[in-house]
Amino acid sequence: MRATQLHLVTYRNDPADAEVLSHRLMARAGYIHKLSAGLYVYGPLLWRTLKKVQDIVREELDGIGGLEVQLPILQDQALWEKSGRWDLYQASRTMLSTQDRKGTTYGLAPTAEEVVTDYAGATIKSYKQLPVSLYQIHTKFRDEIRPRFGLMRVKEFLMKDGYSFDADEAGLDARYEAFRGAYVRIFQRCGLEAFGVDADPGDIGGSGSMEFMVAADAGEDAILIEESSGYAANVEKAESRIAPSPSEGDAARPMRREHTPDIRTVEQLEGFFPEISADRMVKTVLCKAVHIDSEQPWAVLIRGDQEVNEVKLRNHTGGLGIKMLTDTEIESLTGAKPGFAGPVGLPEAFEIVADHSVRGMVNLLCGANTTDEHCLDVNLGRDCPMPTFADVRTARAGEPGPRNGDPLIERRGIEVGHIFKLGTKYSAAMGATFTDPNGKPQPLVMGCYGIGVSRVAAAAVEQQSDDLGIRWPVPIAPFEVVVACLSVKDEELVAAAEGLYAQFREAGIDVLYDDRKMGAGAKMKDLELMGFPFLVYVGRSWKQDGQAEVRDRPAGEKTLIAKDEVFETIARSVRSQRRGLLPE
RNA sequence: CGGGGCGUAGCGCAGUCUGGUAGCGCAUCUGCUUUGGGAGCAGAGGGUCGUAGGUUCGAAUCCUGCCGCCCCGACCA
C-alpha cells in the first residue's frame, strides 16, 4: 500500500476533549474521528488494526469449535420480555429503543443473549447436537450514561460476543475453560499484557464470571492481586482478611448512652472518644435498594475503619442498584439527623445486614438513632437483634489476601473481555430446551463470552505508547513495516525505497510505502505518531554510507543498518514478533 | 439525572468583563526557494461567532429559552 492512497490525516494539536493518552493519540494520528458523544468514525488505519484483532479472535475461537454467525441488532421487546430483561434494561436506560412503522418496539442490541437463546432453542432439539458454540463480531449499542475516553467508553462499539450451549454443568465447565484458554491466547497474540480476574457478573447474571484486564495505569478498574496464590479480583468483588476488632474477647459491659453534640463521622467520634479507636465502632450506612418498581431501605453495619462495597451490597439486596438515602429521608425514617444511625432501636422499615467485620465485636460504639446521641458498650444480639452477616466490605491494597494472607497489591486495568457461566438462566426463562437421552426436555446450559474488540485497540495504545506516539504491537499494527523515502525528488533514493518496498511485499510482510511529498522531519514525526512498529528511512545515510536508518519501536531503538541487510534484519524481527506475547 | 464549565474557520485558541470593521497559530490552496527531526518567503481561500427570540441606532459581546459538547459522581466490552 502506498501512503498517498491511504487517506492519512494527522493533526499537530490534541483535540480539546481528549483526556486520556489513547484518545489523544488516536485522534491526532487520524485513527478516529468523533461524530458526536460516544460515536466515532473508524478511519482506514484503525480498521486495519481492528481487522487484525478480529482475525486473531476468529482463529482462536474457531480453534475451540466456535461457529461464526451474525445476529440482528434490532431485537423486539417481546423477546426481551421473555427473559425478563426488558424492564431491567429500560430501567437502567442502557438499551435504546425505537418503533417501526407498525408500532412494534425494538431495542438496539446491547448484547444478544435473548436472540441467540431463541435461535438455539429453535434449532437445537437433541442432546446429540450438543455442544454448540456460536459467536459474532458485530456492533453493539449501549446508551452509556457518560461516554468518554475516546474509544474506551463509547455508545457504539465493536464487540465479539460468543455463547455456548451444553447439556449439563460439566459441559459448561469444559466450554468455559476452553473459552478462558482461548481468551488468554487471544490477548497474548495481540501482544498485550492481560490477566484474568474474578469479577461480578452484573446485569448479565450467572454463577461464575471472569474479567480480562489489559494492565494500564489509566484503566477504569482497580484489581487486587495476591501474588503468592495467583488470586486476582476486581475490587468490586475482591475479598481480604482483616485483623479482628481489638474489642473481641473483652467482657461485656452494660450499654449506656452519651450526649455527642454534632459528632457525626467516625473521625469526629475518634476525636470525641480518644480511647475508642475506629475499629471498635460500628457505622451504620443507610441506603435503599432500587428495584424495578419499588425501593427498600437498608441499614448496613460495618466496622468504623472499613468501607461498604456497593456492588457486593447490591448483590446481597437483590436490587438493580443502591442509592444513599438523602438527609431528609434519613430524618423521616429514623427520627434522627444524619450521623446518628445505629442498630439499636432502628425502625422496622429497614432491612439490616452486617458486614463480617462486625461479627464478634464487643462493647461497640454506634449511633443511637437520636440526634446528638451515641450508644456505648453495645453488644449485638443483646441490645438489638442479631443481624445477618454478609461480605459487603471493600477490600483494600495492603490487606492480607484471602488465600495465603499475603498483602494485596493494587493494579489498574482496562476491561477488554468478560466471560460468564450463565447456566440455565436464559434458556429456562425462554423455554430453550433440548431432549435428553431419557426423552425429557432440559434447558440448555449456557455460557457467554465477550471481547470489546474496539476497546482492545484503545487498550493497546494505552498500554504501549511511548513519547513518540502510538506503538502498536506487531500483530495488530495497521502495517508491520513502513518504508519511507525521505527525499522523493531523488530518483536514486526513490528507486531504492521502491525496491525495498517490493522486497517486503513479496516476502508477505504487511508493508506501507510512504511516498508522500513532505519534509523528512515531518514525515518521520508523522510515522512515529501513527505507531508503526518498524520504520525504514531511505535518505541521506543511504546515499552517503549505504545505510538505512531504522526505527525499531518495540525495542525503542534507532539504528543504522547496511542497505543489503535491512530487509533480512527487519523481516526477521517482524516474523519473531508476530506471535505477540504467546509463549513458544 | 445532580454539580461545574464550554460552544468564534478543518484543529487549537484570543476577542465577551467595558456593545462599534471577526482575529491569531496550525492545517488547506498557488508560486518560488528548501529537503534528516513537524522548513522559508510571497499570495489566496475558508465564518449565518451553536440556535431561536429579546434589549439596542448598532450584539460574537448584554438578557431569556432551546440544542450540542466537555469535566466530577452512579453503568459496562
task: Test A:GLU410 against the stated conditions and say whether it is within 24 Å of the chain's Cα centre (by Cα), within 16 Å of RNA strand B (Cβ to nearest atom), surrounded by fewer than 16 Cβ atoms within 10 Å (Cβ to Cβ) and within 29 Å of A:ALA222 (Cα to Cα).
output: yes
field: Single condition A:ARG579 does not satisfy, out of (1) open to solvent by 30 Å² or more (accessible area, probe 1.4 Å); (2) more than 30 Å from A:LEU21 (Cβ to Cβ); (3) more than 16 Å from RNA strand B (Cβ to nearest atom)
entry: (2)
- request: Taking A:PRO131 as the residue in question, decide whether it is open to solvent by 50 Å² or more (accessible area, probe 1.4 Å), over 16 Å from A:GLU156 (Cβ atoms) and out of contact with any Ser or Thr (no Cβ under 9 Å at 6 or more places or on another chain).
  value: no
query: Could you count how many residues in region A:135-158 are farther than 18 Å from A:GLU462 by Cβ and either among the polar types (S, T, N, Q) or in contact with a helix residue (DSSP H, G or I) (Cβ under 6 Å, 6 or more places away or on another chain) (or both)?
result: 4
statement: Within region A:497-550, restricting to residues that are of a type in the set (Lys, Arg) and closer than 20 Å to A:THR4 by Cβ, the one that is most open to solvent (accessible area, probe 1.4 Å) is A:LYS517
message: Can you tell me which residue is farthest from RNA strand B (Cβ to nearest atom) among those in region A:157-174 that are surrounded by 17 or more Cβ atoms within 10 Å (Cβ to Cβ) and of a type in the set (D, E, K, R)?
response: A:ASP166
- prompt: From the list A:GLY202, A:GLY196, which residue is of a type outside the set (Lys, Arg), surrounded by fewer than 23 Cβ atoms within 10 Å (Cβ to Cβ) and touching a strand residue (DSSP E or B) at 6+ places or on another chain (Cβ under 6 Å)?
  reply: A:GLY196
task: Report, by residue number, each residue of region A:175-193 that is without any contact (Cβ under 8 Å) to a residue 40 or more places away in the chain and either surrounded by fewer than 17 Cβ atoms within 10 Å (Cβ to Cβ) or part of a loop (DSSP other than H, G, I, E, B) (or both).
output: A:GLU177
query: touching a residue at least 60 places away in the same chain (Cβ under 8 Å) and out of contact with any helix residue (DSSP H, G or I) (no Cβ under 8 Å at 6 or more places or on another chain): does that describe A:PHE532?
result: yes
- line: Among A:ILE476, A:ILE470, A:ILE451, the single one that is open to solvent by less than 50 Å² (accessible area, probe 1.4 Å), within 16 Å of RNA strand B (Cβ to nearest atom) and more than 25 Å from A:PHE534 (Cβ to Cβ) is A:ILE451
statement: Exactly one of A:VAL392, A:VAL456 is buried (at least 24 other Cβ atoms within 10 Å of the Cβ) and under 23 Å from A:ASP161 (Cα atoms), and that residue is A:VAL456
- request: Could you please find all residues in region A:559-576 being within 30 Å of A:ALA194 (Cβ to Cβ), touching a Phe, Trp or Tyr at 6+ places or on another chain (Cβ under 9 Å) and open to solvent by 10 Å² or more (accessible area, probe 1.4 Å)?
  value: A:SER573
query: So which of A:VAL488, A:VAL494 ends up being in a helix (DSSP H, G or I) and either open to solvent by less than 10 Å² (accessible area, probe 1.4 Å) or at negative phi (or both)?
result: A:VAL494
- prompt: Quick one: in region A:522-550, which of the residues that are of a type in the set (S, T, N, Q) and in a helix (DSSP H, G or I) is nearest to RNA strand B (Cβ to nearest atom)?
  reply: A:SER541
- line: Looking across region A:16-54 at residues that are in a loop (DSSP other than H, G, I, E, B) and closer than 17 Å to A:ALA477 by Cα, the single one that is nearest to RNA strand B (Cβ to nearest atom) is A:ALA29
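Table: residues versus (1) more than 29 Å from the chain's Cα centre (by Cα); (2) more than 26 Å from A:GLY423 (Cα to Cα); (3) not assigned by TED's automatic domain parsing to the domain that holds A:ALA178.
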{"position": "A:LEU224", "(1), (2), (3)": "no, yes, no"}
{"position": "A:TYR231", "(1), (2), (3)": "no, no, no"}
{"position": "A:THR265", "(1), (2), (3)": "yes, yes, yes"}
{"position": "A:GLY271", "(1), (2), (3)": "yes, yes, yes"}
{"position": "A:ARG280", "(1), (2), (3)": "yes, yes, yes"}
{"position": "A:ALA289", "(1), (2), (3)": "no, no, yes"}
{"position": "A:GLU295", "(1), (2), (3)": "no, yes, yes"}
{"position": "A:GLY304", "(1), (2), (3)": "yes, yes, yes"}
- prompt: What single numbered condition from (1) under 23 Å from the mean Cα position of the chain (by Cα); (2) surrounded by fewer than 18 Cβ atoms within 10 Å (Cβ to Cβ) fails to hold for A:MET386?
  reply: (1)
- line: Subset of region A:413-430, residues open to solvent by 10 Å² or more (accessible area, probe 1.4 Å), hydrophobic (A, V, I, L, M, F, W, C) and near RNA strand B (Cβ under 8 Å from one of its atoms), comes to A:PHE420
- line: Those residues of region A:123-148 which are more than 16 Å from RNA strand B (Cβ to nearest atom) and in contact (Cβ under 8 Å) with a residue 12 or more places away in the chain amount to A:ILE124, A:LYS125, A:SER126, A:TYR127, A:GLN129, A:LEU130, A:PRO131, A:VAL132, A:SER133, A:LEU134
query: Do we have any residue at all in region A:55-71 that's within 13 Å of RNA strand B (Cβ to nearest atom), open to solvent by 50 Å² or more (accessible area, probe 1.4 Å) and touching a residue at least 12 places away in the same chain (Cβ under 8 Å)?
result: no
query: For the subset of region A:302-353 comprising residues that are within 16 Å of RNA strand B (Cβ to nearest atom) and in a loop (DSSP other than H, G, I, E, B), which member is surrounded by the fewest Cβ atoms within 10 Å (Cβ to Cβ)?
result: A:GLY318
task: Output the number of the condition that A:GLY249 fails; it satisfies all remaining conditions of (1) assigned by TED's automatic domain parsing to the domain that holds A:SER332; (2) surrounded by fewer than 19 Cβ atoms within 10 Å (Cβ to Cβ).
output: (1)
task: For residues that are in a helix (DSSP H, G or I), at pLDDT 95 or above and out of contact with any helix residue (DSSP H, G or I) (no Cβ under 9 Å at 6 or more places or on another chain), tally how many sit in region A:67-122.
output: 2
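The values are calculated or read from the model by the stated rules, or taken from the named source; none is laboratory data. In this text the structure is predicted, and so the values were computed from the model without any measurement. All Cβ positions, even for glycine, are placed from backbone atoms using ideal geometry, and neighbour counts span all protein chains on display. What goes into the accessible areas is simple: the full protein's heavy atoms, side chains included, and nothing from ligands, DNA or RNA. Shrake-Rupley method; radii C 1.70, N 1.55, O 1.52, S 1.80 Å.
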